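Q: Take this structure, written in structure tokens, and hold onto it; I'll ask about it next.
The values are calculated or read from the model by the stated rules, or taken from the named source; none is laboratory data. All figures in this text were calculated on a predicted structure; none of them were measured in a lab. Positions of Cβ are generated from backbone atoms using ideal geometry, with glycine treated the same way; all protein chains shown enter the neighbour counts. For accessibility, only protein heavy atoms count, side chains too; no ligands or nucleic acids. Shrake-Rupley method; radii C 1.70, N 1.55, O 1.52, S 1.80 Å.
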Amino acid sequence: MDPSPPVLLAPSILSADFARLGEEVAAIDAAGADWIHVDVMDNHFVPNLTIGPMVVKALRPWSAKPFDVHLMVAPADALVEAFAEAGADILSVHPEAGPHLHRTLARIRALGKKAGVVLNPATPLAAVEPVLDMVDLVLVMSVNPGFGGQAFIPSALDRIAALRRMIDRSGRAIALEVDGGIGPDTAADVIAAGATVLVAGTAAFRGGRDCYAANLAALRG
Ligand code: DX5
Ligand code: ZN
């Protein structure tokens, strides 16, 4: 009997070559990516500025894999519909990004998309508990959001384990994703703690296209 399903990999295109983003998405898809992680930053909720719905729409034909859109924007509500129309499959929001998390999640689900809640390193896990019945994914930040290439924060491991228990108690099929500082050195620990989806930017895209398949294989352990 297979004890647990294999972990899914969601490479973050934040670390891809932005001058060739379509080809990069196709290359990381071909290398074995399960989802394509898109980091959306607004220079307000986080101190960086990245990708809008127009770019997601332009990238959509380059991969049939789910687009996992991580919204680091405040407010998020006004952009949810635009990203859904652009081709996002999963839309995740931070509880701090708006006053009405329940409403935001309901809006995402009403658009027929999967909804996620993202927990920063200092955000209490209890922030997701009241809405657990309406999320498809919980994303644990293992760095402070805003930039790729940061060091993994070890306290994320206990948080992943606690969320694993919370999700198991719920009886619902909720993905448990981890984002930040994931590499071959940290992947095994987060999987052991109960993560089911790993985001990786630096570790997925390092070395150029010839390395992508080996990079992803190294994360699967
Ligand atoms: C950080 C982003 C991450 C980031 C991960 O705000 O949410 O997705 O790109 O990058 P690495 O894997 O380099 O830590
Ligand atoms: Zn992210």
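Q: I need the calculated FRET efficiency for the pair residue 213 and residue 158, taking r as the beta carbon distance and R₀ as 25 Å, to the nearest 0.05.
A: Values: r = 32 Å, r/R0 = 1.30.
Plugging the Cβ-Cβ distance into 1/(1 + (r/R0)^6) gives 0.15.
Q: Could you give the nm distance between label points at residue 169 and residue 147, where each point is 7 Å from its Cα heading toward the beta carbon?
A: Computed distance between label sites residue 169 and residue 147 equals 3.7 nm.
Q: Distances longer than 20 Å among the Cα atoms of the stretch 110-221: what percent of all pairs is that?
A: Working: 2557 of 6216 pairs.
Here the long-distance tail beyond 20 Å is 41 percent of all Cα pairs in the stretch 110-221.
Q: Is the shape of the stretch 3-68 rounded, prolate or oblate, going by the alpha carbon gyration tensor and its root eigenvalues a ≥ b ≥ c, with a/c under 1.5 for rounded and a/b larger than b/c for prolate? Don't skip to the end; give the middle numbers.
A: Details: a/c = 2.18, a/b = 1.39, b/c = 1.57.
Oblate, since a/c reaches 1.5 and b/c is not below a/b.
Q: Give me the net charge of residue 194's neighbourhood, meaning all other residues with Cβ under 13 Å from the Cβ of residue 194; Lys, Arg count +1, Asp, Glu -1.
A: 0
Q: Assuming a ≥ b ≥ c are the square roots of the Cα gyration tensor eigenvalues, decide whether the stretch 1-153 counts as rounded (a/c under 1.5), prolate (otherwise, with a/b larger than b/c) or oblate. List each step's numbers first, then the result.
A: Working: a/c = 1.34, a/b = 1.21, b/c = 1.10.
Note, shape of the stretch 1-153 comes out rounded.
Q: Note down the net charge around residue 74, summing +1 for each Lys or Arg and -1 for each Asp or Glu among other residues with Cβ under 14 Å from its Cβ. Don't skip to the end; give the middle numbers.
A: Working: positive: none; negative: 42, 77, 96.
My count for the surroundings of residue 74 gives -3.
Q: I'd like to compare 170-177, 93-100: which one has the highest average count of other Cβ atoms within 10 Å, and what's the full order after that?
A: Working: 170-177: 16.1, 93-100: 18.1.
So the peptides 170-177, 93-100, ranked by packing, come out 93-100, 170-177.
Q: Summing Lys, Arg as +1 and Asp, Glu as -1, what charge do residues with Cβ under 12 Å from the Cβ of residue 113 carry, residue 113 excluded? All intermediate terms of the calculation are to be shown ahead of the outcome.
A: Working: positive: 107, 109, 114; negative: 68, 81, 85, 89, 136.
After counting each charged neighbour, the total is -2.
Q: Give the distance, in whole Å, between the Cα centre of the stretch 169-221 and the Cα centre of the stretch 20-78.
A: 17
Q: So, one more: Ranked from highest to lowest mean number of other Cβ atoms within 10 Å per residue, what is the order of the peptides 140-151, 68-79? Write out the running numbers ahead of the final one.
A: Working: 140-151: 18.2, 68-79: 21.7.
Averaged packing, sorted descending, gives the order 68-79, 140-151.
Q: Another question, then. Ignoring any ligand, DNA or RNA, what whole percent of the accessible area of the chain comes from carbon and sulfur when the probe is 1.4 angstrom? Walk me through the numbers on the way to the answer.
A: On the way: 5490 of 9630 Å².
Carbon and sulfur: 57 percent of the exposed surface of the chain.
Q: Further, regarding this structure: For the chain, what is the mean residue ellipticity at 222 nm derived from helices alone (per DSSP H run of n ≥ 4: -39500 (n - 2.57); sum divided by total residues; nearest 500 deg cm²/dmol)?
A: Numbers: 8 runs with 72 residues, N = 221.
The helix contribution divided over the chain gives -9000 deg cm²/dmol.
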